[in-house]
Amino acid sequence: QVQLIESGGELVQPGDSLRLSCAASGAAFSSNALGWFRQAPGKEREFVASINWAGLTTYSGDSKGRFTISRDNAKNTVYLQMNSLKPADTAVYYCTTSYRSNEFNFWGQGNQVTVSS
């Protein structure tokens with residue numbers, strides 16, 4: 001069974017940095033795309049970043065230049081390095097993968113990131 005477990009979310013101040021991790025289990029993910037989405041209170045879930053099997057990355061307009069997605073296939077783990085955090089980045093962050101699919105079809109439980117002074 002495919003499982004994704006996020007970690008690293010916490011309360012930080014504006015301007016701080018934070019790194020989220022997502023450990024995948026239940027299959028080998030080296031050939032799958034991995035991504036991060038987020039959902040703020042009262043808003044729909046939105047795309048943040050993704051990385052494909054070859055390491056090609058894609059970012060939302062808001063995350064580009066501040067966030068960096070990376071993967072360690074040996075550890076079946078994907079990371080999201082977030083710099084220059086803003087209160088608007090406050091959300092539950094979800095890890096996802098496209099396992100045997102062209103769409104993201106497995107999701108983690110979510111990890112809260114709060115940016116506040």
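So what are the ³J(HN,Hα) numbers for the stretch 19-30, from phi and the Karplus equation (6.51, -1.76, 1.60; θ = phi - 60°), rounded to whole Hz, Gly and Pro as x?
So the J values, rounded to whole Hz, are 10, 8, 10, 9, 9, 9, 9, x, 5, 8, 10, 4.
Please enumerate, by chain and number, the aspartates and glutamates with C-alpha under 15 Å from the C-alpha of LYS86, excluding those fewer than 8 residues away in the same chain.
In chain and number order, the partners are GLU10, ASP16, ASP62.
On average, how much area does the Cα convex hull of the stretch 1-110 cover when viewed from any direction, in nm²?
Averaged projected hull area, Cα only: 6.5 nm².
What net charge is computed for the residues neighbouring THR114, neighbours being all others with C-beta under 14 Å from the C-beta of THR114, Lys and Arg scored +1, Asp and Glu -1?
Residues close to THR114 contribute a combined charge of -1.
Say we join alpha carbon atoms closer than 10 Å with springs in a Gaussian network model of the chain; which of GLY61, GLY42, GLY15 then has the biggest fluctuation?
So, out of GLY61, GLY42, GLY15, the one fluctuating most is GLY42.
Below 10 angstrom from the Cβ of ASN83, what's the summed charge of the other residues (Lys, Arg +1; Asp, Glu -1)?
So the surrounding residues net to +1.
Determine the percent antiparallel among the DSSP beta bridges restricted to the stretch 25-117, to the nearest 5.
Percentage antiparallel, nearest 5: 95.
Determine the dipole magnitude for the chain: charges of +1 sit on the beta-carbon of Lys and Arg, -1 on that of Asp and Glu, nothing else is charged, the reference point is the Cα centre, and the result goes in debye to the nearest 20.
140
Running a GNM on the chain with Cα contacts under 10 Å, which residue among ASN76, ASN102, ASN52 ends up with the highest mean-square fluctuation?
In the Gaussian network model the winner is ASN102.
Under a point spin-label approximation (7 Å from Cα along Cα-to-Cβ), what is the SER101-GLU46 distance to one decimal in nm?
That separation, rounded to one decimal, is 2.3 nm.
Between TRP53 and SER84, what FRET efficiency comes out of the Förster formula 1/(1 + (r/R0)^6) with R0 = 25 Å and r the beta carbon distance, rounded to 0.05?
According to the calculation, E is roughly 0.30.
Report the net charge of residues surrounding TYR94, where surrounding means a beta-carbon distance below 15 angstrom and charges are Lys +1, Arg +1, Asp -1, Glu -1.
Every neighbour counted, the sum reads -2.
We did not get these values from a lab; they are worked out from the coordinates using the rules stated. Everything numeric in this text was worked out from a predicted model, so none of it was measured. Here the Cβ is made from the backbone with ideal geometry for all residues, glycine too, and neighbour counts use every protein chain on show.
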